[in-house]
Every structure is written in structure tokens, then in C-alpha cells.
Amino acid sequence: MDIETIRFQPPEIPRDSEGYVKSFTLSSCDCPEAEEARAFFQEYGFVVIANVFTAEQCAETISDIWDVIESFVQRPVRHNEKLWTSQYVFFHWHNFIFSSSFRLWCRTGLVQEGIIGGASLWTRQILLNRQTPALHTAYATILGTKDLLVNQDRYGMFRPAKEHPERATMTNLHLDMNPWGYVEGILRFVSSSPRIMFFLTNFR
């Protein structure tokens, strides 16, 4: 029996006049663009919502990301791209050149995935970002409910890779957060304890 081979053809994504993916500005869950944004999401599996954060919030978040990075590498690096490396760093002192015994960027977290830190971050700016009304409107509009469950995660920081192919982000598409999956997994492990089972069952 002949097997027909079908090559996947990615859909043509609508773009704006500058070549960026079409975005939507949402003033509320019922604004005129809301239905169009939901339809875009259903068609393409993603959607870009513009102006969720103000310019000031963006600047404060970028500064906070660098604060976190510098807390890990233990030195100022935000204004010196030569230090954004996973290789050994060479320092000059008078007429001497010597290499450090550590690789700075390897201290930041999951380097190949651009993930900062090894656990959830709890800076003031991250907490403020999670509570931004416009962010809630964006998710509530697309998901069709205002009752949202929010997780707490880390920052992402992708270094310029055009001239540094070794910095390219690895392919790692996955579902990162399914709280009921965690609860179900715990239930299987503690099924012999009625008291814990009662608590988790009521929690769900």
C-alpha cells in the first residue's frame, strides 16, 4: 500500500505594515478588538496583545532583570557585553592578562534556554507585573474567563545571537505549568494517608 507523504505547510501569519505579527490593543474583555483577538488565537494558536505594560513598567522590569543577573554573577555586567559570555573571561590588570576561574553567564541559570535563576523569583517588580490589570484583561479576553490561576516563575533573558551562534536558544517546546497534574501526582503518593488525601481533595 502506498503511503502518501504530506509536507507540513505553515500558515501565512498576518503582519502589520512594519513586518511585525499583527497585534491587538484591548481596553476591556468586551472591546471591539476582543473578538478579533480571540479568533486570531483560535486560528494560529498564539496572539500578540500590545501595550500591556507601560514604557515605565518595561524600563523598571528590564532594570530588575539586570539586578537579578548581577546578583548571580556578583559583578556589574549590564553595560559590558563582553561579559555576557559562557566562556572564560579575560581581565586586564596593568600589563598583565589573566583569565577568571569561572564563566560568568553560566551562573545566571539555564543558559541555553535563556531562563534566569534556578527557582521562582520573588522580586517586587515581578509581583507588580503579575498584578497588572492590563495583563489580566489580556488573558481573560483570550481564555474567556476572569477567574485566572496565576503561577510564579522566573525571568527570561536572551542575549544577542546573530553574531554569536553559540547563544542560540535550544528547542524545548513544552507545557510548563499544569497545577492539577501536580496535585494528581501527589495524590497517588499520599493515598495511604487519609488526612493528607482529605486536604488535597478539598484543595482541588
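In region 109-123, what residues are in contact (Cβ under 8 Å) with a residue 40 or more places away in the chain and surrounded by 16 or more Cβ atoms within 10 Å (Cβ to Cβ)? Across region 109-123, the qualifying residues are Gly109, Gly114, Ile115, Ile116, Gly117, Leu121. Among residues of region 159-179 that are outside any loop (DSSP other than H, G, I, E, B), those with a Cβ under 9 angstrom from a residue that is among the aliphatic types (A, V, I, L, M) and modelled with pLDDT under 85, sequence gap 6+ or separate chain, pair up as Pro179/Leu149. Among the residues of region 36-70, what is the count of those that are of a type in the set (Asp, Glu) and out of contact with any helix residue (DSSP H, G or I) (no Cβ under 9 Å at 6 or more places or on another chain)? Residues meeting the conditions: 4. May I ask you to verify whether Phe8 is at pLDDT below 95, among the hydrophobic types (A, V, I, L, M, F, W, C) and loosely packed, with under 15 Cβ neighbours inside 10 Å? Judged against the criteria, Phe8 is a match. If you check Thr171, Thr145 for being modelled with pLDDT of 90 or more, closer than 30 Å to Ala37 by Cα and β-branched (Val, Ile, Thr), only one passes: Thr145.
Residue-by-condition table, conditions (1) under 14 Å from Thr137 (Cα atoms); (2) without any contact (Cβ under 8 Å) to a residue 40 or more places away in the chain; (3) not assigned by TED's automatic domain parsing to the domain that holds Thr123:
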{"position": "Glu18", "(1), (2), (3)": "no, yes, yes"}
{"position": "Ala50", "(1), (2), (3)": "yes, yes, no"}
{"position": "Val73", "(1), (2), (3)": "no, yes, no"}
{"position": "His79", "(1), (2), (3)": "no, yes, no"}
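The values are calculated or read from the model by the stated rules, or taken from the named source; none is laboratory data. Predicted, not measured: the structure shown is a model, and the values here were computed from it. Glycine gets a Cβ as well: all are built from the backbone with ideal geometry, and neighbour counts include every protein chain shown.
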